[in-house]
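What follows is one structure encoded as structure tokens, with my remarks underneath.
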Amino acid sequence: MTGSQEVSGSIPLILWFRRTKLGQDMRAVGQDMEVARDAGINVERTRVISMVISTVFAGFGMIIYLQNVGNFPTYTAHTQIGMFAIAALLVGGASVEKASIGNVFLGVILFHTMFIVAPRTGTVITGDSMIGEYFRVFVSYAVITIALVMYEAKKRKAKSAAGLQLAADQLAEEEAKAK
């Protein structure tokens with residue numbers, strides 16, 4: 001079974017799971033633990049089950065990752081998979097502040113395509129497939145960097161707009177007092 005078959009096979013499972021009581025409990029706990037606790041949801045039990053399920057899916061993700069890369073670097077795999085996971089989320093349209101399951105699937109499909117295409121492209125262009133590997137890592141870092149720069153620019157722009165609004169409000173207040 002290929003990675004794309006595993007991903008596309010998990011889509012119906014996730015859509016079904018979101019409609020179950022446990023899936024709804026997980027969503028409620030993820031949004032606000034206090035409200036979920038007040039609603040009668042056993043928050044700690046739900047969190048433990050969520051961690052177990054996410055660990056199992058992380059294992060499947062590592063198998064897909066292993067298929068793409070071809071080897072498993074024992075001591076550095078956790079750092080590499082984290083970088084690729086974040087880049088895939090951002091490629092899928094997630095932002096620093098918000099992500100959805102749709103962003104995950106779109107990002108995984110697009111990033112998986114890059115894993116397939118990059119080594120072949122490197123071989124065709126330069127005769128060396130390692131150029132594709134370097135390109136893949138470069139794109140991963142570039143996507144993360146661009147997303148963080150865009151987030152920081154948006155945050156600074158909002159802060160600046162809030163500062164200008166505050167200054168305008170203070171000026172209007174001072175003018176009102178002067179009259």
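Details
- Filter result for residue 88 (surrounded by 14 or more Cβ atoms within 10 Å (Cβ to Cβ), under 14 Å from the mean Cα position of the chain (by Cα) and not in a helix (DSSP H, G or I)): no
- Exclusive hit being at pLDDT 80 or above and over 17 Å from residue 85 (Cβ atoms), set 128, 169: 169
- Subset of the range 42-65 [closer than 23 Å to residue 29 by Cα and either touching a helix residue (DSSP H, G or I) at 6+ places or on another chain (Cβ under 7 Å) or in contact (Cβ under 8 Å) with a residue 60 or more places away in the chain (or both)]: 43, 46, 47, 49, 50
- A count restricted to the range 27-49 and to residues that are at pLDDT below 90 and of a type outside the set (D, E, K, R) stands at 2.
- For first residues located in the range 103-120 and within 8 Å of residue 89 (Cα to Cα) and modelled with pLDDT of 80 or more, partners that are assigned to a helix (DSSP H, G or I) and not hydrophobic (A, V, I, L, M, F, W, C) and lie 6+ apart or on another chain with Cβ distances below 9 Å form the pairs 108/3; 108/4; 108/61.
- Positions within the range 138-157 being more than 18 Å from residue 95 (Cβ to Cβ) and surrounded by 15 or more Cβ atoms within 10 Å (Cβ to Cβ), in sequence order: 139
- Within the range 121-131, tally of residues that are in contact (Cβ under 8 Å) with a residue 12 or more places away in the chain and not small (Gly, Ala, Ser): 1
The values are calculated or read from the model by the stated rules, or taken from the named source; none is laboratory data. From a predicted model like this one, the values you see are computed outputs, not experimental measurements. FYI the Cβ positions are ideal-geometry reconstructions off the backbone, even for glycines, and counts take in every protein chain you see.
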